[in-house]
Amino acid sequence: LAPEARAQTAHLDVGPLITHRVPFAEATRAYDLIAGAEPSLGVVLAYPQTPERPRAAFAPPKAAPAPGVCVVGLIGAGSFARSAVLPELARIPGVVLETVVARRGMSAERGRETHGFRNAAADEQAVLANPAVNAVLVATRHDSHARFAAEALKAGKAVLVEKPLALDFAQLNEVIAARADAKPGAFFQVGFNRRFAPLARALRAELAKRAGPKVLTLRVNAGALDPNSWAASADEGGGRIVGEACHFVDLARFLAGEPIRAVFAEAAPPRRPEALSENATIHLRFADGSLAAIVYAAVGDAAAGKERIEAFAGGAAFVLDDFRALTVSEGGRTETRTGAAGKGLPEELAAFVAAVRAGGTAPVDEAELIETSGAILAAMESLRTGQRVVL
């Protein structure tokens, strides 16, 4: 945490008394200081708390020979992959559905028969070790996303992993390490499809024309989730804030067009003491001073609509309503644009396939995906500590 965040919880400012901070791993040096190795007043041992919050800057993948075709291996045949991803993928030219893997062999076989995969298997190595596969889709339960993404990168594949990328910083660092050592043509993307929605892109283009900081609100009327769902569990799903609100952290980052510098979050009490909260607010501050407030609510009514984004910048106001209509108010006049509706899934998949077929330049900056994935984990850290987290 930044000094100002730490100071809010202290009654006595001991900062001026501290002359040395020594990592716990170098504890012997701290004792040498106390023994008089050099002048010292206050020597603080810094204990490791959580894995370091990652920062990533990846070089673009080295150009691989353009394969011209996207040969897909799917790990995980859950309902979203079956009902949404695969039907859209089948419409994209240049895609070959090679192998589907599911923990239950019957699910894999059903996926093969329904969607036209050449092979079905119960072992992910049927995808990861298959030299014919150059693109891996990871659609498993959330706790294995990072592991399979990292393994696919190590195998030299392009990877599209459903959100969230990771449930903790250790998992996120695993992906960073795998990507840093990736073979030519390997890259990763995360299923943050809303940044690909046509009207979201139109809104970003409008905001980019306006000078100065932006103020954003993103309201999500999510509805309640079955408390017994695996997605609600801390271990498998990570809960709805990590598992779903991450979409809107990424969308806010996309609209602001600036790196996230600080995160603060609060949550309402959960329905059951042992459960994770489904209702939270997340506040983001960006590098240029822009602000975003995300309201994720599971206690509303579906009649109000699900997702509404309001943005203010440079004397203009914008409302994006459920990705169906964009209203622009400026100079005392208001106009509404409808255009192409949708939350961006077809566009996201098309961009991924095009990148694979071209030899591997990621459609979205991978460092930005690490940033937004880290920001939602920072929001969870803020929920635990009650403090703002500086990135």
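The values are calculated or read from the model by the stated rules, or taken from the named source; none is laboratory data. Just so you know, these numbers come straight off a predicted model, no measurement behind them. As a convention, Cβ positions derive from the backbone with ideal geometry for all residues, glycine included, and neighbour counts pool all protein chains shown.
From the list Phe248, Phe192, Phe254, Phe169, which residue is modelled with pLDDT of 95 or more, hydrophobic (A, V, I, L, M, F, W, C) and in contact with a Pro (Cβ under 6 Å, 6 or more places away or on another chain)? After ruling out the rest, the residue left standing is Phe169. Pairs under 9 Å by beta carbon, first residue in the same structural domain as Phe312 (by TED's automatic domain parsing) and assigned to a loop (DSSP other than H, G, I, E, B) in the stretch 198-221, partner acidic (Asp, Glu) and at pLDDT 95 or above, six or more apart or different chains? Here the result reads Gly212/Asp288; Pro213/Glu258; Pro213/Asp288; Lys214/Glu258; Lys214/Asp288, each pair linking the stretch 198-221 to a residue that is acidic (Asp, Glu) and at pLDDT 95 or above.
Within the stretch 338-386, how many residues are in contact with a helix residue (DSSP H, G or I) (Cβ under 7 Å, 6 or more places away or on another chain), charged (D, E, K, R) and outside any helix (DSSP H, G or I)? Number of matching residues: 1. Taking first residues from the stretch 89-107 that are more than 8 Å from Ala121 (Cα to Cα) and partners that are of a type in the set (S, T, N, Q) and not in a loop (DSSP other than H, G, I, E, B), the Cβ contacts under 8 Å between residues at least 6 apart in sequence or on separate chains come to Glu98/Asn119. Going by the conditions given, is Ala265 farther than 30 Å from Gly212 by Cβ and touching a residue at least 24 places away in the same chain (Cβ under 8 Å)? For Ala265, the condition - farther than 30 Å from Gly212 by Cβ and touching a residue at least 24 places away in the same chain (Cβ under 8 Å) - is not met. Among the conditions (1) crowded, with 17+ Cβ neighbours inside 10 Å; (2) without any contact (Cβ under 8 Å) to a residue 24 or more places away in the chain, Val356 misses just one, which is (2). Output yes when any residue across the stretch 239-255 is closer than 29 Å to Glu206 by Cβ, assigned by TED's automatic domain parsing to the domain that holds Leu225, in a loop (DSSP other than H, G, I, E, B) and touching a strand residue (DSSP E or B) at 6+ places or on another chain (Cβ under 9 Å), and no when none is. The answer is yes, given that some residue of the stretch 239-255 is closer than 29 Å to Glu206 by Cβ, assigned by TED's automatic domain parsing to the domain that holds Leu225, in a loop (DSSP other than H, G, I, E, B) and touching a strand residue (DSSP E or B) at 6+ places or on another chain (Cβ under 9 Å).
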